[in-house]
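First comes the structure, then the notes that go with it.
The values are calculated or read from the model by the stated rules, or taken from the named source; none is laboratory data. The structure presented is a predicted model; accordingly, all values stated were derived computationally and were not measured. Cβ atoms come from the backbone with ideal geometry, glycine included; neighbour counts cover every protein chain shown. Please note that ligands, DNA and RNA were not included when accessible areas were found on the heavy atoms of the full protein model with its side chains. Shrake-Rupley method; radii C 1.70, N 1.55, O 1.52, S 1.80 Å.
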2 protein chains.
Amino acid sequence: MIIDDLTRRPGEWLSGTGPLSDIVISSRIRLARNIAGFPFLTKANANQRAELQRILRENIEQLKLDEPVYYVDVERITDLDRRILVERHLISRQHAEGQGSRGVAIGSRETVALMVNEEDHLRTQVLRSGLQLDELWREVDRIDEMLSARIEFAFHKRYGYLTACPTNVGTGIRVSVMLHLPALRMTGEMERVIRAARDMRLAVRGLYGEGTEAAGDFFQVSNQTSLGRSEEDIVNEFKHIVIPKIVDYEQQARQALLREKMVALDDKIWRAYGLLTTARTMSSDETLALLSHIRMGVHLGRIDRMSMGLINELFIHTQPAHLQKLCGEMLDGEQRSITRADYIRKRLAGEN
Amino acid sequence: MIIDDLTRRPGEWLSGTGPLSDIVISSRIRLARNIAGFPFLTKANANQRAELQRILRENIEQLKLDEPVYYVDVERITDLDRRILVERHLISRQHAEGQGSRGVAIGSRETVALMVNEEDHLRTQVLRSGLQLDELWREVDRIDEMLSARIEFAFHKRYGYLTACPTNVGTGIRVSVMLHLPALRMTGEMERVIRAARDMRLAVRGLYGEGTEAAGDFFQVSNQTSLGRSEEDIVNEFKHIVIPKIVDYEQQARQALLREKMVALDDKIWRAYGLLTTARTMSSDETLALLSHIRMGVHLGRIDRMSMGLINELFIHTQPAHLQKLCGEMLDGEQRSITRADYIRKRLAGEN
């Protein structure tokens with residue numbers, strides 16, 4: 001089963017490779033599309049939803065993509081498997097918690113995921129580790145063209161692609177970049193960065209999108225609207241202005257820490273290591289925060305006891321659904337915290 | 001120099017031996033005395049202070065005690081050495097910070113210390129590890145009798161021994177027991193114990209006496225007044241009622257933790273170990289709190305990576321003055337925290 005296979009590895013977006021990967025975790029672009037002649041999902045009945053899924057699945061399965069694609073019927077899988085897909089950023093929380101016919105087509109390397117019957121009929125998303133927006137844009141545009149050759153999408157001459165939510169009308173594009181900004185957090189400058197991003201009409205969210213806190217110093221920056229600008233404009237603004245600027249701030253903050261607060265920095269990094277190797281119970285928020293410090297420590301050459309590969313695996317494997325999948329049983333919050341701490345200790349003991 | 005020699009070892013009161021030493025750190029009895037014909041120190045001039053010291057020193061040096069006694073002229077030693085004596089519980093903070101002729105005679109094993117010109121002309125104190133009140137009472141009474149044969153102490157037929165502060169009038173005795181009560185702290189029952197002790201007219205203080213917080217779960221219980229009761233009464237109340245009751249509460253709380261909160265208990269103990277072995281900067285309060293958890297862990301058989309000998313050494317060697325004495329230079333607060341963390345890490349690395 002595809003989801004069981006996925007669970008064991010970190011997935012492309014957490015591979016820790018790609019340009020600027022010490023600060024840019026991953027890049028993502030998604031396009032929102034709806035099939036002409038069908039109502040938006042808020043108005044669609046069960047038959048129409050089923051028919052939408054049938055059409056989209058059939059056409060997606062015939063696409064020639066760089067990696068094999070597996071279709072997952074999200075309505076029929078277990079709740080735990082749905083949450084695995086959310087933790088891997090392959091579907092949204094809304095899609096997991098939704099109702100009725102819906103699915104997702106997942107590429108075997110997890111660089112592509114097409115959600116069917118989420119907020120729109122189709123959301124095509126591509127994701128890669130590091131800052132790779134040009135590559136992603138070429139890829140998602142190619143997939144969109146292949147699909148457009150087979151399916152007629154709802155399009156208005158003046159407004160562009162029509163979408164269920166007005167913020168997506170136009171190009172239907174959303175560009176998001178996941179950033180790791182521990183130094184800006186430590187130096188107290190993060191608030192200023194968030195305000196500047198908001199002034200540029202960018203949204204700044206946590207690790208799991210809308211409504212989630214910025215756990216473990218991870219921040220997701222994305223465009224808020226897509227009307228009236230071309231896809232290339234939006235991608236270029238991210239590539240050349242927004243992300244380089246934030247990356248530069250973070251790099252400066254890291255250098256300032258190395259220069260002026262070396263002991264405080266090392267203290268944070270090594271205490272994180274100390275707690276991860278000894279704690280007997282640990283929440284997933286604390287785990288993210290501690291791994292975040294270690295990740296920075298490895299990139300700054302302040303700790304050599306953990307490989308980036310292991311850190312990335314721990315990031316995903318300590319998430320609640322992954323943890324339960326790996327240990328093979330459902331656990332309540334308290335049991336999860338104990339199992340998580342045990343799992344981390346064993347993995348770290350194995351590493352040394 | 002006696003103080004340099006003392007600095008390197010934990011001292012009798014921290015040896016971790018003696019009855020009930022898993023909970024009772026140490027017992028102490030002191031007697032307050034003043035020489036007849038001299039004013040109390042608040043009224044004494046410099047000449048009288050000097051004369052008092054001369055008389056007391058001469059007589060103390062001629063006593064035949066179980067261990068060799070060294071007289072330290074507290075007025076003439078460095079401020080750092082004074083603070084070393086405070087950290088070792090050989091003199092009070094008031095004595096260290098005082099003015100004018102004053103001193104202390106210290107036994108080589110640190111089970112006896114006679115402060116000259118503190119609040120009273122003479123304060124004879126005996127201390128031992130664990131609960132050893134009978135032994136201490138016999139010892140301090142013997143010293144007091146030997147001194148009384150040589151010096152006439154101010155005594156009033158109706159009130160008893162006269163002292164500078166009315167709370168000491170009568171027998172001049174203060175019995176104090178230092179307890180380690182981490183389980184009562186963890187279970188939130190400590191407040192109740194403190195209230196009960198206060199109802200019995202006992203004082204409950206922190207590790208360094210009056211005005212200090214209960215750092216690292218260490219509490220010092222002592223009688224508040226000594227008027228109208230015999231020394232034996234007070235000692236017996238401590239030995240047979242007060243201390244057994246508190247020890248019993250703590251033992252019950254520890255058993256309850258083992259039974260019902262094993263994971264939380266282990267988590268606290270092991271996280272303490274994790275932080276002590278990795279932190280790059282550590283305050284003395286945090287050090288005490290972490291060592292406190294480890295101490296409980298060793299006594300409950302939950303951790304075997306540290307010996308009690310090492311824990312006791314770390315307790316005293318990480319105190320500010322000891323730390324500076326050991327590293328051979330004066331350090332500000334930030335430097336001390338760094339040096340402390342380094343020292344602890346090295347000692348723990350040596351142990352494993």
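Structural remarks
- Ligands, DNA and RNA aside, residue B:327 has an accessible area near 50 Å² when probed at 1.4 Å.
- Annotation: the protein assembly as shown has a Kirkwood hydrodynamic radius of 30.2 angstrom, from the mean reciprocal C-alpha pair distance.
- Degrees separating the helix B:243-260 axis from the principal Cα axis of chain B, which is the longest one: 10
- Using a probe of 1.4 Å, the accessible surface attributed to residue B:13 totals some 10 Å² when neighbouring protein chains are kept in position.
- Remark on segment A:258-273: accessible area falls by at least 20 square angstrom from chain-alone to full-complex state for A:263, A:267, A:270, A:271, probe 1.4 angstrom.
- Counting heavy atoms of the protein chains alone, residue A:227 has an accessible area of about 100 Å² for a 1.4 Å probe.
- Legend: residues B:70, A:71, sorted from most to least accessible area (1.4 Å probe; ligands, DNA and RNA excluded), read B:70, A:71.
- Within the accessible area of segment A:218-346 (1.4 Å probe), percent carbon and sulfur: 47
- Ranking of B:199, B:81 by solvent-accessible surface, largest first: B:199, B:81 (1.4 Å probe, protein heavy atoms only, all chains present).
- Equivalent-ellipsoid semi-axes of chain B, from the Cα gyration tensor, Å, largest first: 35, 25, 16
- Charged-residue dipole, Cβ positions (Lys, Arg, Asp, Glu), chain B about Cα centre, Debye nearest 20: 340
- Degrees, to the nearest 10: A:333-351 long Cα axis against longest axis of chain A: 70
- Rounded to the nearest 20, the size of the Cβ-charge dipole of segment B:1-141 about its Cα centre is 260 debye, with Lys and Arg at +1 and Asp and Glu at -1.
- For segment B:16-87 and segment A:109-143, distance of Cα centres in Å: 80
- Fraction of accessible area attributable to carbon and sulfur, segment B:1-89 (%, probe 1.4 Å): 48
- Nearest-20 debye value, segment B:262-351 charge dipole, Cβ charges on Lys, Arg, Asp, Glu: 160
- Positive-end ranking of B:249, B:343, B:327 along the dipole of the protein assembly as shown, with charges on Cβ about the Cα centre, is headed by B:249.
- Projecting the Cα atoms of A:273, A:300, A:316 onto the charge dipole of segment A:262-351 (Cβ charges, centred on the Cα centre) puts A:300 farthest toward the positive pole.
- Compared with the dominant principal axis of the Cα atoms in chain B, helix B:46-61 is inclined by about 70°.
- Computed Rg/Rh of segment B:236-352, alpha carbon atoms with Kirkwood Rh: 1.05
- Take chain A with all the other protein chains still there, run a 1.4 Å probe, and you get 42 Å² of accessible area per residue.
- In segment B:114-154, GluC sites (Glu not before Pro) in a DSSP loop with at most 11 other beta-carbon atoms within 10 Å: B:152
- Alpha-carbon spread of segment A:62-216, three principal axes, descending order, Å: 51, 42, 30
- Taking the chain by itself as reference, segment B:277-298 contains these residues with an accessible-area loss of 50 Å² or more in the full protein complex (1.4 Å probe, heavy atoms): B:278, B:280.
- Summed buried accessible surface, chains A and B, 1.4 Å probe, nearest 100 Å²: 1400
- Helix-only CD estimate at 222 nm, as mean residue ellipticity for chain B, using -39500 (n - 2.57) per DSSP H run (n ≥ 4): -14000 deg cm²/dmol
- Ranking A:330, B:296 from most to least accessible surface, computed with a 1.4 Å probe over the protein chains only, gives A:330, B:296.
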